[in-house]
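Trainee: The following block contains the structure, expressed as structure tokens.
The values are calculated or read from the model by the stated rules, or taken from the named source; none is laboratory data. Note that the structure is a prediction, hence the values are computed from the model and not measured. Cβ placement follows ideal geometry from the backbone for every residue including glycine, while neighbour counts extend to all protein chains displayed. The accessibility values were calculated without ligands, DNA or RNA, using every heavy atom of the protein model including side chains. Shrake-Rupley method; radii C 1.70, N 1.55, O 1.52, S 1.80 Å.
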Amino acid sequence: MTSPDHPTSPLSSSITVLGADRPASEHDHALLTAAQALLSQDEHFQTLTTPTLSRCEVNAGLDDTKAGYLYLRYDVPGAVPQEFWAHWGHRSRVAFKSGQISVARP
């Protein structure tokens, strides 16, 4: 769903890498872009008013296929921030209640 509250382009491309002395890789940015695309299509995420990505962190101590690899925090005006954890998986899906996002490898 495309609307002013839910843009189709990534809300932020700034990724902090925790636990390593390296910048975010192209692979990390691809995961962020894919995770945001999945979220923008999620019916629960679509009900949020103006979600803004405020934190995006890679946990370099984990393999990119493990839950918790990419942390996303969205601030929502007048509501509790929404947190998600993305990783590369076998298929793409969003488990909104637990915050887990699995992105199928390209």
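Trainee: At a probe size of 1.4 Å, how large is the accessible area of GLU83, to the nearest 10 Å²?
Mentor: Ignoring ligands and nucleic acids, GLU83 comes out at about 70 Å².
Trainee: How far apart, in nm, are two points set 7 Å out from the Cα along the Cα-to-Cβ line at ALA104 and at THR16?
Mentor: 3.4 nm
Trainee: As a test question: what accessible area, to the nearest 10 Å², does ASP75 have when a 1.4 Å probe is rolled over all protein chains in place?
Mentor: Its heavy atoms expose roughly 60 Å² to the probe.
Trainee: Tell me the relative contact order for the chain as a rounded percent, counting alpha carbon contacts under 8 Å between residues six or more apart.
Mentor: Values: 196 pairs, mean separation 24.1, N = 106.
Relative contact order, the chain: 23 percent.
Trainee: What size of dipole, in debye to the nearest 20, comes out for the chain about its Cα centre when the only charges are +1 on Lys and Arg C-beta atoms and -1 on Asp and Glu C-beta atoms?
Mentor: On the way: 8 positive and 11 negative charges, 47 e Å.
Its charge dipole is roughly 220 debye.
Trainee: Hey, another quick one. Heavy atoms only, probe 1.4 Å: what % of the accessible area of the chain goes to carbon and sulfur, would you let me know? Mind showing how you got there, number by number?
Mentor: Details: 3080 of 6000 Å².
Using a 1.4 Å probe with all protein chains present, the chain comes out at 51 percent carbon and sulfur.
Trainee: Could I ask something else about it? What stretch of the chain, leaving out the sites themselves, is the longest with no trypsin sites (Lys or Arg not before Pro) in a DSSP loop having at most 11 other Cβ atoms within 10 Å?
Mentor: Between exposed loop sites, the widest span is 1-90.
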